[in-house]
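Worksheet for the structure shown next.
The values are calculated or read from the model by the stated rules, or taken from the named source; none is laboratory data. Small disclaimer: the values here were computed from a predicted structure and weren't measured. So basically every Cβ, Gly included, is an ideal-geometry build from the backbone, and we count neighbours across all protein chains shown.
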Amino acid sequence: MDLKELYTEAIKLESESGGDSLTLLIEFLVIEKQVLNWKSDYKELELYFKPNNQPRMNKLLLEYKEEKK
């Protein structure tokens, strides 16, 4: 599954649950930082979920979310 497919599915699921964390992460990595693209495999996200990366990613995503408002 590529990131575009995952993003589309995440939008559907997050609209039901009220969350936005996965879509926010994908937007941040694809649109803002351009380190991945829409055709990247979803497994590329594993790096960003590793425990040693979580504090930094949480901080960056909170800042990105605030900028989007």
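Within the stretch 5-52, the set of residues being polar (S, T, N, Q), in contact with a Leu (Cβ under 8 Å, 6 or more places away or on another chain) and over 21 Å from residue 68 (Cβ atoms) comprises just one member, 40. Only one entry of 9, 16, 46 meets the criterion of being closer than 23 Å to residue 63 by Cα, charged (D, E, K, R) and either at pLDDT below 95 or assigned to a helix (DSSP H, G or I) (or both), and that entry is 46.
A quick yes/no check of all residues on (1) farther than 18 Å from residue 1 by Cα; (2) out of contact with any Phe, Trp or Tyr (no Cβ under 7 Å at 6 or more places or on another chain):
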residue	(1), (2)
13	no, yes
22	no, yes
26	no, no
42	no, yes
45	no, yes
48	no, yes
68	yes, yes
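Looking across the stretch 49-59, the residues that are part of a helix (DSSP H, G or I) and under 14 Å from the mean Cα position of the chain (by Cα) come down to 49, 54, 56, 57, 58, 59. Taking residue 29, is it touching a helix residue (DSSP H, G or I) at 6+ places or on another chain (Cβ under 6 Å), among the aliphatic types (A, V, I, L, M) and surrounded by 15 or more Cβ atoms within 10 Å (Cβ to Cβ)? Judged against the criteria, residue 29 is not a match.
Pairs, please: C-beta under 7 Å, at least 6 apart or cross-chain, first residue in contact (Cβ under 8 Å) with a residue 40 or more places away in the chain and in the stretch 6-28, second part of a helix (DSSP H, G or I) and hydrophobic (A, V, I, L, M, F, W, C)? Filtered contacts from the stretch 6-28: 24/61.
The residue pairs whose first member lies in the stretch 46-69 and is free of Cβ contacts under 8 Å to residues at least 40 places away in the same chain and surrounded by 11 or more Cβ atoms within 10 Å (Cβ to Cβ), whose second member is assigned to a helix (DSSP H, G or I) and of a type outside the set (Phe, Trp, Tyr), and whose beta carbons are closer than 6 Å, counting only pairs six or more residues apart or on different chains, are 48/57.
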